[in-house]
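**Student:** Dropping a structure here in structure tokens format, bear with me for questions.
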Amino acid sequence: MKLLLAPAVVVLAVFAAALGALFRWSFLEFIPGSLRPGGLTLANFRSVLAPQYLDTVWDTVLLSAATTLLTLVLSYPVAYALARTPSRRARSALLILTLAPFFTGAIVRTYAWVLVLGNAVVTWPVPMLFTERGVLVGLVHFSMPSMILVLAAALSHIDPAYERAAASLGAGPARVFWRVTLPLSMPGIVSGGLIVFAWTLSAFATPELLGGGKVKMIANVVKDLGLDSFNWPGAAAFAMLSLALTLALLVGLGRLTAGRAA
Amino acid sequence: MRARVLTGTLVALLTVPLLVSAASAQNALVVSIWGGNWKDTVEKVVAKPFTAKTGIPVEFEVGGTIDRLAKARVAKGSPLVDLNFTTTHVARLYISDGLYEKLDMAKIPNSKEIAREAFRSEYHLGSWAYVYTVVYRPDLVKEEITKWSDLWNPALKGKIAMPDFDPSHIITIAALMEGGNEVTWQKGEEKLKQLKPSIAAFYSTDAQSQDLMKTGQAPVQVMLSVNAYHLQEQGIAVKIVQPRDYPGIVGIDTMAVMAGTKKADAALQFINFTLSKEIQSELVKALRAGPVNTGASVSPSLAGQPGIFVTPAQWKERGYIMNDEVRAKNLPAWREWFTANIVKK
């Protein structure tokens, strides 16, 4: 058993070392025009607490929450069909359609959305490309396959006999869904929601390309600070702050939903 | 026995290419440069004839400006590459961190023929030039654009794109319009804020800039002249403006020898070769960038076009060169201000 633990410890040690380096850099002074950092300082944390960075954090959280909610609503019927369709062929077809986006690269998919949202394929009544709406569409599309798979797994564990029993006692389809299926699928909803929320919090390529540089999420700002402004200590501080926020949000959401999922 | 022979043969077949490659890498001059067209052109126009002339093989390490800078910093003292191409202001960061070696000008005789603007420091020399200027698609924009101030025309609302990774160009232009410059850039702040409603998007790569132009999503751009010429070659009818009010903002890519390299002599030979009239003439043709050797031959259709300076007067009048050090130092503050006031919704 100890032998099996060794590789895990090595991998974790590498991650811990990288995180440690990031932590250290976040406390080093940034000197504009130089690659060499100065001495220890708290100035980086003061800088990233400026309104423009806090706005980015708030926008990211809102966009992630909206993505999670929309993904959940759109994925549920597909997952339900995937779990309950009696025909094996139909299930296979649905599964292939669900997984298809995984077989194309993220950048290719994003560029496809640039064409669709840019009125080249569909004419939208309101501007979509280079707006938060457009970024939301892209994020939902990327998140749906994961959400569908998690929900389908949860739904397939619900014995259809419960639904039949509720129907035989006089409950209509809507009531059966609301009182039986939905509560029993809560573990899948919570897991899928947490996965999509955490995933979206760290989104980079979608806001970069579909947002046209106007929609900034946390990862984009870290890249801007580190790679465009050469402010590596600032980027490290913002990354640490975001990491702490992500952990806090996920722990909070996990606790909030733990009772419901049980 | 047969199995041993077979194994031996297989091992030999597998290891010989590795050994050959290792030996070649040991002798080769390793050049760090951007990928895509930049690397392909330098390989074809400079490296191959250089190897044919000197017998020194050349290998390339490609990557983005900052990736390569980060790698160089990590490998400080025993560099992974011998010679580096980067923009002149980013080169300042290499210099400040002791990553470049002072150039022995006696070993670069062709440096006597280059424009004085190409002498960026005793560590790095220009290899070619270009401008960031206004580029637009006349088929999608009715208004004629002839100067920087035309960007402020309300008719261009929602049509302009510009780089957000480096807003130096438009910040400097706005400052120049208000009587300032890159040092007193704050003078242009209010002017630049007026441009905000006209900006459709910000781009972070050359490819993104070209896509925005091709698809017409941003038919007016503050764009790298080299990319605009590239679009023209692809059949996209873009007009590259030689602004009448203020010059284009000059960009100079530079070459330098990495500190600690064991192939400094070969690197200096390569720099000298790149600066020769013949190679500079070929580079203009291939890149549509301005030559730094004042004796390079440039076709009449290109001479004097935006970013292609062939006389000292053109260098002076048609291009504004920012102070590299000021630019390197101010960039973080510019980006912060730009993000907060122009990019943010």
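**Student:** When Lys and Arg each count +1 and Asp and Glu each count -1, what net charge do the other residues less than 11 Å away from B:Asn84, Cβ to Cβ, add up to?
**Tutor:** Neighbourhood net charge equals -2.
**Student:** Need one value for B:60-67: mean number of C-beta atoms belonging to other chains within 10 Å of its residues' C-beta atoms.
**Tutor:** 1
**Student:** Then there is this: Whole number in Å², please: accessible area per residue of region A:110-185, 1.4 Å probe, ligands, DNA and RNA not counted.
**Tutor:** 53
**Student:** Mind scanning B:Lys112/B:Lys187; B:Lys76/B:Lys329; B:Lys262/B:Lys316; B:Lys159/B:Lys187 and naming the pairs with a C-alpha gap bigger than 28 Å?
**Tutor:** From B:Lys112/B:Lys187; B:Lys76/B:Lys329; B:Lys262/B:Lys316; B:Lys159/B:Lys187, over 28 Å: B:Lys112/B:Lys187; B:Lys262/B:Lys316.
**Student:** Rank B:Leu331, B:Leu83, B:Leu275 by mean-square fluctuation in a GNM of chain B with C-alpha springs under 10 angstrom and give only the top-ranked residue.
**Tutor:** Highest fluctuation of the listed residues: B:Leu331.
**Student:** Normalised radius of gyration for chain A, please: alpha carbon Rg relative to 2.2 N^0.38 Å, two decimal places.
**Tutor:** For chain A, the normalised Cα radius of gyration is 1.22.
**Student:** For B:Leu195 and B:Arg116, calculate 0.36 nm times their separation in residues minus their Cα-Cα distance, and state this gained length in nm to one decimal.
**Tutor:** So the extension gain works out to 25.0 nm.
**Student:** Tell me which of A:Ala100, A:Asn44, B:Ala264 sits at the most positive position along the dipole axis of the protein assembly as shown, charges placed on C-beta atoms (Lys, Arg +1; Asp, Glu -1).
**Tutor:** A:Ala100
**Student:** Could you tell me the largest-minus-smallest coordinate of the C-alpha atoms of region B:188-345 on each of the three principal axes, in descending order and whole angstroms?
**Tutor:** That works out to 52, 40, 30 Å along the principal axes.
**Student:** Counting only other residues whose beta carbon sits under 12 Å from that of B:Phe165, what net charge do I get with K and R as +1, D and E as -1?
**Tutor:** Residues near B:Phe165 contribute -4 overall.
**Student:** With an 8 Å cut-off on Cα pairs and a minimum separation of 6 or more residues, tell me the relative contact order of chain B in percent.
**Tutor:** 25
**Student:** Next question, about the same structure. Please state the Cα pair-distance histogram of the protein assembly as shown with 20 angstrom bins from zero: what percent is in each bin?
**Tutor:** 17, 44, 30, 9, 1
**Student:** Can you pull a Stokes-Einstein diffusion coefficient for region A:74-128 at 20 °C (1.002 mPa s), Rh from Kirkwood over Cα pairs, as a whole number of µm²/s?
**Tutor:** Stokes-Einstein gives a translational diffusion coefficient of 160 µm²/s.
**Student:** How big is the B-A contact in terms of buried accessible area, both chains counted, 1.4 Å probe, rounded to the nearest 100 Å²?
**Tutor:** 2800
**Student:** Give the ranking of B:Trp128, B:Trp38 by solvent-accessible surface, highest area first, calculated with a 1.4 Å probe.
**Tutor:** Largest to smallest exposure gives the sequence B:Trp38, B:Trp128.
**Student:** Whole Å is fine, so just give me how far the alpha carbon centre of region B:226-249 lies from that of region A:187-262.
**Tutor:** 39
**Student:** Of the accessible area of the protein assembly as shown, with the probe set at 1.4 angstrom, what percent is carbon plus sulfur?
**Tutor:** C and S atoms contribute 64 percent here.
**Student:** Name the GluC sites (Glu not before Pro) in region B:18-124 that are in a loop by DSSP and that have at most 14 other C-beta atoms within 10 Å, would you?
**Tutor:** Those satisfying the criteria are B:Glu122.
**Student:** Something else about it: Picking from A:Leu54, B:Val81, A:Ala17, whose Cα lies most toward the positive end of the charge dipole for the protein assembly as shown (charges on Cβ: Lys, Arg +1; Asp, Glu -1)?
**Tutor:** A:Ala17
**Student:** About the Cα centre of the protein assembly as shown, how large is the charge dipole given +1 on each Lys and Arg Cβ and -1 on each Asp and Glu Cβ? Please answer in debye to the nearest 20.
**Tutor:** Magnitude of the dipole: close to 1500 debye.
**Student:** Restricting to Cα pairs below 8 Å that are 6+ residues apart, what does the relative contact order work out to for region A:25-156? Please round to a whole percent.
**Tutor:** Contact order relative to length: 29 percent.
**Student:** P(r) for region B:84-138: what percent of alpha-carbon pairs falls in each 10 Å bin, starting at zero?
**Tutor:** 20, 45, 22, 9, 3
**Student:** Sticking with this structure for a sec: For region A:1-46 and region B:63-97, what is the separation of their C-alpha centers, rounded to whole Å?
**Tutor:** 22
**Student:** Next up: Give me the three principal axis extents of region A:25-155 from the C-alpha atoms, as integers in angstrom, largest value leading.
**Tutor:** 66, 37, 25
**Student:** What Kirkwood radius, in Å to one decimal, follows from the Cα pairs of region B:59-176?
**Tutor:** 17.7
**Student:** Return the average number of partner chain Cβ atoms within 10 angstrom of each residue Cβ along peptide A:29-39.
**Tutor:** Partner-chain Cβ atoms within 10 Å, mean over residues of A:29-39: 4.
**Student:** Between B:Val257, B:Val183, B:Val284, where does the largest GNM mean-square fluctuation fall for chain B, given springs only between Cα atoms within less than 10 Å?
**Tutor:** B:Val183
**Student:** Still on this model: Could you check the simple spin-label distance between A:Phe45 and A:Arg84, using points 7 Å along Cα→Cβ, in nm with one decimal?
**Tutor:** Here the answer is 5.1 nm between the modelled labels.
**Student:** If you don't mind, another one. In square nanometres, what is one fourth of the surface area of the convex hull spanned by the alpha carbons of region A:1-40?
**Tutor:** If you wrap the Cα atoms of region A:1-40 in a convex hull and average its projections, you get 3.4 nm².
**Student:** Using only the alpha carbon atoms of region A:121-262, find the Kirkwood hydrodynamic radius as the inverse mean reciprocal pair distance, in angstroms to one decimal.
**Tutor:** Computed over Cα pairs of region A:121-262, the Kirkwood hydrodynamic radius comes out at 18.0 Å.
**Student:** Given that compact globular proteins tend to follow 2.2 N^0.38 Å, what is the ratio of the alpha-carbon Rg of region B:127-196 to that value?
**Tutor:** With N residues counted in region B:127-196, Rg over 2.2 N^0.38 Å equals 1.17.
**Student:** Against the empirical 2.2 N^0.38 Å scaling, what ratio does the C-alpha Rg of chain B come to?
**Tutor:** Rounded to two decimals, the normalised Rg is 1.10.
**Student:** Suppose each label sits 7 Å from its Cα in the direction of the beta carbon; what would the B:Thr184-A:Ser156 distance come out to in nanometres?
**Tutor:** Result for the modelled spin labels: 7.2 nm.
**Student:** Relative contact order for chain A: what is it in percent, counting Cα pairs under 8 Å that are at least 6 residues apart?
**Tutor:** It rounds to 28 percent for chain A.
**Student:** I would also like to ask the following. Any idea how far apart A:Leu247 and B:Glu317 come out in nm if each label point goes 7 Å out from Cα toward Cβ?
**Tutor:** Calculated label separation equals 6.3 nm.
The values are calculated or read from the model by the stated rules, or taken from the named source; none is laboratory data. Small disclaimer: the values here were computed from a predicted structure and weren't measured. Ideal geometry is used to build each Cβ from the backbone, glycine not excepted, and the neighbour counts take in all protein chains shown. Please note that ligands, DNA and RNA were not included when accessible areas were found on the heavy atoms of the full protein model with its side chains. Shrake-Rupley method; radii C 1.70, N 1.55, O 1.52, S 1.80 Å.
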